[in-house]
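The values are calculated or read from the model by the stated rules, or taken from the named source; none is laboratory data. Just so you know, these numbers come straight off a predicted model, no measurement behind them. FYI the Cβ positions are ideal-geometry reconstructions off the backbone, even for glycines, and counts take in every protein chain you see. SASA here: full protein model, heavy atoms, side chains in, ligands and nucleic acids out. Shrake-Rupley method; radii C 1.70, N 1.55, O 1.52, S 1.80 Å.
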Amino acid sequence: MDEVEFMRGRVYGADHDNPGPRAGRVYAHLVGGPLDGLLLDVTDLTDQERARGVTLATEIGRYGPGGGSAYTPRPGDVRRFDWRGDVP
C-alpha cells in the first residue's frame, strides 16, 4: 500500500490510533495538494468560516515543517475543499 492509499479515509488531525471518521460529525473531502484524500471535520465551523476556507498545518507541503496548505470549499459542493496552494 502506498502513502496516498494509506491516507485516504483518514481525518486530518485525528488520533493515529483512531484516524477514521466518527459518527455524528460532518466532514469535507480535501481535494488536491499534499492533504489530498483526507477528510476535514467541519462540524464546528460556522457557515462564514467554511466559506472563508482553512489553512492547515502540514510538514509535507512546499514549505516543510511550519508550513501549511490552503483549502477553500468548491463552488456548488461544500462537501469538497479544493487546494489553493501552500503557505509558509
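Quick check: anything in segment 67-78 hydroxyl-bearing (S, T, Y) and in contact (Cβ under 8 Å) with a residue 24 or more places away in the chain?
First pass over segment 67-78, keeping only residues hydroxyl-bearing (S, T, Y): 69, 71-72.
This time we only want the ones that are in contact (Cβ under 8 Å) with a residue 24 or more places away in the chain, so: 69, 71.
Scanning segment 67-78 turns up at least one residue that is hydroxyl-bearing (S, T, Y) and in contact (Cβ under 8 Å) with a residue 24 or more places away in the chain.
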- Scan the strands (runs of 3 or more DSSP E) fully inside the chain and keep the ones with 3 or more residues being among the basic types (K, R). 77-87
- In segment 36-47, the residues that are open to solvent by 90 Å² or more (accessible area, probe 1.4 Å) and either within 16 Å of A14 (Cβ to Cβ) or at pLDDT 95 or above (or both): D44
- Query: Scanning segment 13-33 for residues that are open to solvent by 40 Å² or more (accessible area, probe 1.4 Å), of a type in the set (A, V, I, L, M) and without any contact (Cβ under 8 Å) to a residue 40 or more places away in the chain, which turns out farthest from D86 (Cα to Cα)?
  - Reply: A23
- Task: State yes or no: is G9 modelled with pLDDT of 95 or more, among the small types (G, A, S) and touching a strand residue (DSSP E or B) at 6+ places or on another chain (Cβ under 9 Å)?
- Result: no
